[in-house]
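Below: one structure, written as structure tokens.
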Amino acid sequence: AQQLGTPLSNQEYRQFFRSLRAAHRASTACLLRELYGCQNPLVRRLDEYENHGAIPEGPICSELPGTPFFPDFCTFSFYRCTRKRYFIKV
């Protein structure tokens, strides 16, 4: 069992984004985030699933050179959506 709030493994990310592989599906998920924000129940469920059941609080560290920190998971996820870099992990 994974610890709550930890990111998915590489294999789990592949499974998580499998349904979003098609560009229109990924765009739809990101559009939901943009339109309804991170407090939307569906968006929250996706965020929780991506992090083993708990959305991380506080600053988020990333593997992005030059952009190592985000103030929260919502900002980090929105960044991934706008850049279409769905597999960037914390």
Exercise for the section: Could you order R33, R83 by accessible surface area, starting with the largest, using a probe radius of 1.4 Å? Expected result: R83, R33
Problem - Vicinal HN-Hα couplings computed from phi for the stretch 60-75 (Karplus, 6.51 cos²θ - 1.76 cosθ + 1.60; Hz; Gly/Pro x) - result: 10, 8, 10, 8, 7, x, x, 9, x, 10, 10, x, 7, 5, 4, 4
Handout entry: Within the accessible area of the chain (1.4 Å probe), percent carbon and sulfur
Key = 55 percent
Practice task
Could you state how much accessible area T67 has, in square angstrom rounded to the nearest 10, with a 1.4 Å probe and all protein chains kept in place?
Solution key: 40 Å²
Practice task
Write out the cysteines belonging to the chain for which the nearest other cysteine Cβ is not under 4.7 Å, or none if no such cysteine exists.
Solution key: C61
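Taking 0.36 nm per residue of sequence separation and subtracting the Cα-Cα distance, how much length would be gained by fully extending the chain between Q15 and H52, in nm to one decimal?
Working: separation 37, 0.36 × 37 = 13.32 nm, distance 1.31 nm.
Residue separation times 0.36 nm, minus the Cα-Cα distance, leaves 12.0 nm.
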Practice task
Heads up, I need the accessible area for C38: 1.4 angstrom probe, whole protein in place, Å², nearest 10.
Solution key: 20 Å²
Practice task
With a probe of 1.4 Å, find how much accessible area the chain has per residue, and write the answer as a whole number in Å².
Solution key: 65 Å²
Problem - Average Cα contact separation per residue, the chain, under 8 Å, 6 or more apart, as relative contact order % - result: 31 percent
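The values are calculated or read from the model by the stated rules, or taken from the named source; none is laboratory data. Just so you know, these numbers come straight off a predicted model, no measurement behind them. Cβ sites come from the backbone with ideal geometry, for glycine too, and all protein chains shown count toward neighbours. These area figures cover heavy atoms from the full protein model, side chains too; ligands, DNA and RNA do not enter into them. Shrake-Rupley method; radii C 1.70, N 1.55, O 1.52, S 1.80 Å.
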